[in-house]
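A.B. asks: Dropping the structure in here first, questions after.
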Amino acid sequence: MPLKQSRSGKLISFEGSEGSGKSTQIARLAARLQKIPRDVVTVREPGGTEIGEQIRNIIVHNSRGEEMCAETELLLFAAARAQLVREVIAPALLRGATVLSDRYLDSSTVYQGVARNLSMDPVNQINHFAVGNVMPDITVVIDVPTEVSLTRIRQRASDLPDRMERENIDFYTKVREGYLVLAKGLPERFVVIDGTQTEDVIDKKIWAAVKERIG
Ligand code: TYD
């Protein structure tokens, strides 16, 4: 179902492979916006709603996860996103909030389409069906070399790598390249930031890009 168009808020999505530093930068941007002050809503994908968090568990932590086919994975991510858009993102945009999303539809394009090699036409159709017409105003890709990303995943001391994190270097190389190709094709929506710079520099560059593009 298409969603109401008259939104006054802005949607900023953050993309990049694991260990790119998205969550740190989302927190920093949220703090900057709240100082203005702006109504800021932060969400993460998959998840962000009760139904979405249950779907997240099936995708990421299911002990039988290795049996999951790529088509199922795509549909589950899309299902979680459809719920998140209608329950949280669209209402927040309608009331004028700035929504910061840790991953959005481009994750499916890159992880399921490019890295898992599903055909792009159905991936795009399913993506657009899930989000209705709620597209990001800006998409920030934090780009890090694959080796850096894999090292950061392994350094996350807390727990064992989840199902997605067990993928190999080829998979993550495809993810990285997938984002760069996507960003090159849609320069009006995407901003690519070099994620090997210091947190402060990345934060300043994201802030400059947000101000320039959405004021
Ligand atoms: P998460 O622990 O949130 O990873 P990160 O902190 O890197 O965002 O797990 C989400 C995983 O799901 C991550 O490996 C990326 C993957 N993913 C997809 O493959 N497709 C999607 O559409 C989305 C939203 C995530």
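The values are calculated or read from the model by the stated rules, or taken from the named source; none is laboratory data. Keep in mind it's a predicted model, so treat the numbers as computed, not measured. As a convention, Cβ positions derive from the backbone with ideal geometry for all residues, glycine included, and neighbour counts pool all protein chains shown. Heads up: the accessible areas ignore ligands, DNA and RNA and are worked out on the full protein's heavy atoms, side chains in. Shrake-Rupley method; radii C 1.70, N 1.55, O 1.52, S 1.80 Å.
A.B. asks: Could you count how many residues in the range 89-119 are surrounded by 19 or more Cβ atoms within 10 Å (Cβ to Cβ), polar (S, T, N, Q) and more than 16 Å from Ser17 (Cβ to Cβ)?
C.D. replies: Total satisfying the criteria: 2.
A.B. asks: List pairs: first residue in the range 24-51 and in contact (Cβ under 8 Å) with a residue 40 or more places away in the chain, second residue open to solvent by 10 Å² or more (accessible area, probe 1.4 Å) and part of a loop (DSSP other than H, G, I, E, B) anywhere in the structure, Cβ distance under 6 angstrom, at least six positions apart or on different chains.
C.D. replies: Hits for this filter: Glu45/Arg103.
A.B. asks: I would also like to ask the following. For the range 71-86, check the following and say yes or no: at least one residue is among the β-branched types (Val, Ile, Thr), more than 10 Å from the ligand (Cβ to nearest atom) and open to solvent by 20 Å² or more (accessible area, probe 1.4 Å).
C.D. replies: Narrowing the range 71-86 to residues among the β-branched types (Val, Ile, Thr): 72, 85.
Okay, now just the ones that are also more than 10 Å from the ligand (Cβ to nearest atom), so 72, 85.
Then drop every residue that is not open to solvent by 20 Å² or more (accessible area, probe 1.4 Å), which leaves 72.
So far as the range 71-86 goes, yes, one or more of its residues are among the β-branched types (Val, Ile, Thr), more than 10 Å from the ligand (Cβ to nearest atom) and open to solvent by 20 Å² or more (accessible area, probe 1.4 Å).
A.B. asks: For residues that are in a loop (DSSP other than H, G, I, E, B) and modelled with pLDDT under 95, scanning just the range 161-215, find the one that is farthest from the chain's Cα centre (by Cα). Even if it seems obvious, please write down each step before you answer.
C.D. replies: Within the range 161-215, the subset in a loop (DSSP other than H, G, I, E, B) is 161-163, 167-168, 186-189, 195-198, 215.
Next, only the ones that are modelled with pLDDT under 95 stay: 161-163, 167-168, 215.
Numbers: Pro161: 19, Asp162: 17, Arg163: 17, Glu167: 18, Asn168: 20, Gly215: 22 Å.
Selected residue: Gly215.
A.B. asks: For the range 162-215, name all the residues that are acidic (Asp, Glu) and either more than 13 Å from Ile142 (Cα to Cα) or surrounded by 19 or more Cβ atoms within 10 Å (Cβ to Cβ) (or both). Show your work before the answer.
C.D. replies: Within the range 162-215, the subset acidic (Asp, Glu) is 162, 165, 167, 170, 177, 188, 194, 199-200, 203, 212.
Asp162, Glu165, Glu167, Asp170, Glu188, Asp200, Asp203, Glu212 - these are the residues of the range 162-215 that are acidic (Asp, Glu) and either more than 13 Å from Ile142 (Cα to Cα) or surrounded by 19 or more Cβ atoms within 10 Å (Cβ to Cβ) (or both).
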